[in-house]
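Pasting a structure here, questions to come.
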Amino acid sequence: MSNDNYNTQQHYKAEPDWITLLQNALNPAQFEFATAEDPALLGLAGPGSGKTRALIYRAAHLIKSGVQPEQLLLLTFTNKAAGEMKERLEGLLGFLPYNLWAGTFHSIGARILRKHAALAGRTPNFSIFDEDDTRVTLKQILNDLSIDDEDRKIIMKRGLLGRIISQSRNSALSIKEVMEEDYPYRLEYLDVVKNSADLYERKKIESNAFDFDDLLLCWLQLFEEQPRVGEQYRRRFKHVLVDEFQDTNVIQARIIDLFAGAASICVVGDDAQSIYAFRYADIGNILSFPERYSLCQVVRMEQNYRSTPEIVELANCSIAHNRQQLPKKLFSTNPGGAKPALAKVFDARQEASFVLQNIWELQNNGISLNDIAVLYRSSYLTPEVEFALARKGLNYKTYGGVKFFQKAHIKDLLAYLKVIYNPNDENSWRRITTLQQGLGQATFDKLWAKLKQHPDPLAAALEGKESPARGKGGWESLVRTLDAVNKNRADQVPQLIANVLDFNYDFMLKQNYPDQYDERLRGIERLMIYAERFDTLATFLESLALEESVFADTAAAGGVRDGQLTLSTIHSAKGKEWDAVFIIGMNQGHFPSQRSESEGLDEERRLFYVAATRARRFLYLTTYREDYRSYGAVSEGPSLFLRELPPECYQLINYDSGF
C-alpha cells in the first residue's frame, strides 16, 4: 500500500521543554516512535513495553508540533481503552480537545454512518442491533421460511446461524467458504443460511438498524462506493493512529488502507500477542504491514518493564520457535528473581496441591491474593484447583468461564443422579425432562402434576403409569436412561455417570454444544474422577451439596484472607498482570489444544507467550504424568511448549518420581 502521495505539510518544531520532557519520559525506542515523521510507522511492541504510553505520547507530540486535533484519528478496540487514551492524553496536554476523534473502530464507524445515513439506506436515528436483537430477528426469519422445527432448532442452537453470517462478513469469505471450512457437518443447511442472510439484510433496512458488524462493513462500503465521502475524511485526517493492530480483521485493515496516501498511518502492536483468530483477527495484517506500506519505518520497543529478566528469557525462548513472525527480542533491566518453576506432578489432584502450597508460601511472603493468578488454556482444567481453593476458604474470581458447579452440562448430568437418589426432586425432574426432544415447560407441568401423586414418581415413570401427551419419543429415551441407571445404582458413581452419557446425555451434549463438545465432555470426565473417591451415590451427592455451599460461602464472605485470587482463561487474561502466575495443564492435547493443527500451533504458542508474560516476579508451570481428563487415558506427556524450552530457562521441581 503506497504512501508516496503523503503530504507532510509544514512540520512545526515543538518547544524545547516538550522535547526534553519526552526524552525524560520515554526510552530511546519509545521516543523514536513518538517523534517519527514517516508516512507509515509500525511500533512493534512486546508485552509490558509501554506501547500504549508511546502511542499517547505520539498523539500529544503531534498536537504540540502544530497538528490540529481534528486532524487526528485514534482507533482502538474497547471503550475502556479508548477512555484511558483520552484521559492520558488530557493529562499530557492539560486539556482534551473537544474535536479530537478517538474511540473504538465501531464507535467511529457509527459516528460516520450517522452523518451519512441516507447513503447507507438509513436515517440518522438508526438503531444498533445487539446480539439478542439479531437472534430474535433471525429466529423470525426462519419461522417465515417455514423450516421444520427440528431443523430450526439445529440451525439456531447456540447462535450458529448468526455466527456463520458474522464470520462470513468479517472474514470477507462467502457463506459457502465459511461453512465448508468450519461447519462442514452443517452444509445441508447452506441454502437456508444464504437465504436467511439475505433476508436479514432486508430486515435491518426495514427496521432502520445496523448490527455490530455493519458499523465496520457499511463504513468500508460507504468509503468505497461514495468516493467523495471517503475523500472528505481522507482530507480531514492527516494522522491515523491504531492501537493493538495485531487484533484487526480484514475489514478493519481495508478501512485503514483507504487513508494511505493522504494520511500518516501509525499502528502499534505485537504479532507475538495475536491470539484472537477465533474472533476473525488476521495476523497477516501486522506481519505484512512493512511490505504493504512503502517508506514504512519499524520501531521495535523491546524493553519489558513488567517482568524479571528470567521470565522474559523464558518467553523469548518459547516464541522463537514460531515460523512466521516479525523478529524482536525482549529484555528487562528489572532486578533479577527466581527462575520460572516447572513442576512435574502425578495428576491433576497433585497439581492442585502444588498450586495451593505455593499460594500459601506467596501469601506468607507478603503477596496478596489480588496479585496471584491461575491461568489455563480451557476452563475444564480448573475443577481440582477450584475444589482445593474452596476447601481452604480462599476467595477467587473467574474470567472467561463460570465456576465448575455452575456449568450447565454439569448441572444437567447431576440432575439425572439426583432423580435416582430422590425421586421427589421436582427441580431435577424438570431439568432432565425439558432437555428431551419435544418436552417443554408446559408439558412437564402437566406430567409432574400426575407423577407427584404417586408415592414414588420414579417407579411410576419406569412402570409406564404416566407419560406425556406430547414428546413421547423424548420421554421414552429418558425413561430408558433412568431405568438403566436405577438398576445399577449400587455400582460405583463413575459408572452411573457413564450410563447417563451412554444412554441419553452424550447425544444431547453433541446437539446442544457442537463447538464445545470435547471441552464439556472432559468436564464430565473430571466429575467422574472426583466421584471415584465416594463409595455410594448418597455420599457423592452430599459432598457435592457441601462443595457448592463452600463455593457460595467463600464468594460471599471473601475467604479467610483479604483479596481475591484470579482464575482465568489465557484469552481473558490478555492486558492484565500479576506478581505471581500459575499456568496449569501444560500437557500435550490440553495446551496446545488437541484441536490445533499445524497451522494453529503458532497461535497456541503465542497464547503461551501471552500467559507467561502476565507474570511480574514469579512464574509456575505445571505438567502431570497421569491424565484422567480423558477418563482413564495416560497423559500424552508434557506440552510441546515445555519440551522446547532449554533447561536453563527454568527450575525443575519433580513431585512425581515416575516422570
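The values are calculated or read from the model by the stated rules, or taken from the named source; none is laboratory data. This structure is a prediction, so every number in the text was calculated from the model and none was measured. Note that each Cβ is placed from the backbone with ideal geometry, even for glycine, and that neighbours are counted across all protein chains shown. Protein only, heavy atoms only, side chains kept; ligands, DNA and RNA dropped before computing areas. Shrake-Rupley method; radii C 1.70, N 1.55, O 1.52, S 1.80 Å.
If I filter segment 372-384 for residues that are under 23 Å from SER572 (Cβ atoms), at pLDDT 95 or above and not in a strand (DSSP E or B), do I get at least one hit?
no
Right, another one. Looking at (1) more than 18 Å from TRP578 (Cα to Cα); (2) surrounded by 21 or more Cβ atoms within 10 Å (Cβ to Cβ); (3) over 21 Å from the mean Cα position of the chain (by Cα), which one does LEU369 not meet, given that it meets all the others?
The number of the failed condition is (1).
Which of (1) over 25 Å from THR613 (Cβ atoms); (2) within 32 Å of the chain's Cα centre (by Cα); (3) not aliphatic (A, V, I, L, M) is the odd one out, the single condition PHE77 does not satisfy?
Condition (1) is where PHE77 drops out.
In segment 521-537, what residues are in contact (Cβ under 8 Å) with a residue 40 or more places away in the chain and open to solvent by less than 40 Å² (accessible area, probe 1.4 Å)?
Result: ARG522, GLY523, ILE524, GLU525, ARG526, LEU527, MET528, ILE529, TYR530, PHE534, LEU537.
Mind listing whichever residues of segment 211-234 are open to solvent by 80 Å² or more (accessible area, probe 1.4 Å) and hydrophobic (A, V, I, L, M, F, W, C)?
Of everything in segment 211-234, just one residue is open to solvent by 80 Å² or more (accessible area, probe 1.4 Å) and hydrophobic (A, V, I, L, M, F, W, C), namely PHE212.
Looking at SER196, SER207 in this structure, which one is polar (S, T, N, Q) and either modelled with pLDDT of 95 or more or buried (at least 18 other Cβ atoms within 10 Å of the Cβ) (or both)?
SER196
Would a scan of segment 109-126 turn up a residue that is β-branched (Val, Ile, Thr), farther than 27 Å from THR78 by Cβ and open to solvent by 50 Å² or more (accessible area, probe 1.4 Å)?
Scanning segment 109-126, I find at least one residue that is β-branched (Val, Ile, Thr), farther than 27 Å from THR78 by Cβ and open to solvent by 50 Å² or more (accessible area, probe 1.4 Å), so the answer is yes.
Please go through segment 433-461 and pick out each residue that is farther than 19 Å from ALA538 by Cβ, open to solvent by less than 20 Å² (accessible area, probe 1.4 Å) and of a type in the set (A, V, I, L, M).
Within segment 433-461, LEU439, LEU447, LEU451, ALA460, ALA461 qualify.
Name, by its number, the condition in (1) part of a helix (DSSP H, G or I); (2) under 30 Å from LEU55 (Cβ atoms); (3) open to solvent by 80 Å² or more (accessible area, probe 1.4 Å) that does not hold for TYR98.
(1)
Could you go through segment 425-440 and let me know if any residue there is in contact with a Lys or Arg (Cβ under 9 Å, 6 or more places away or on another chain) and over 30 Å from GLU150 (Cα atoms).
No, there is no match, as no residue in segment 425-440 is in contact with a Lys or Arg (Cβ under 9 Å, 6 or more places away or on another chain) and over 30 Å from GLU150 (Cα atoms).
Right, next: Give me the residue from segment 271-298 that is buried (at least 22 other Cβ atoms within 10 Å of the Cβ) and over 18 Å from the mean Cα position of the chain (by Cα) and, out of that set, nearest to GLU648 (Cα to Cα).
Of everything passing the filter in segment 271-298, ILE286 is nearest to GLU648 (Cα to Cα).
Then there's this: Taking into account only those residues within segment 148-184 that are closer than 21 Å to LYS510 by Cβ and not in a helix (DSSP H, G or I), which is farthest from the chain's Cα centre (by Cα)?
For segment 148-184, the residue satisfying everything is ASP148.
Results for (1) closer than 30 Å to ASN512 by Cα; (2) in contact (Cβ under 8 Å) with a residue 40 or more places away in the chain, shown as yes or no for each residue.
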{"residue": "GLU70", "(1), (2)": "no, yes"}
{"residue": "GLU90", "(1), (2)": "no, no"}
{"residue": "ARG111", "(1), (2)": "no, no"}
{"residue": "PRO124", "(1), (2)": "no, no"}
{"residue": "ASP130", "(1), (2)": "yes, yes"}
{"residue": "LYS139", "(1), (2)": "yes, no"}
{"residue": "LEU160", "(1), (2)": "yes, yes"}
{"residue": "ILE165", "(1), (2)": "yes, no"}
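Then there's this: Report, by residue number, each residue of segment 472-497 that is at pLDDT 85 or above and open to solvent by 20 Å² or more (accessible area, probe 1.4 Å).
If the condition is that a residue be at pLDDT 85 or above and open to solvent by 20 Å² or more (accessible area, probe 1.4 Å), then LYS472, GLY473, GLU476, SER477, VAL479, ARG480, ASP483, ASN486, LYS487, ASN488, GLN492, GLN495 are the ones that fit.
Taking segment 245-263 as the region of interest, how many residues are among the polar types (S, T, N, Q) and either touching a Ser or Thr at 6+ places or on another chain (Cβ under 8 Å) or open to solvent by 10 Å² or more (accessible area, probe 1.4 Å) (or both)?
2
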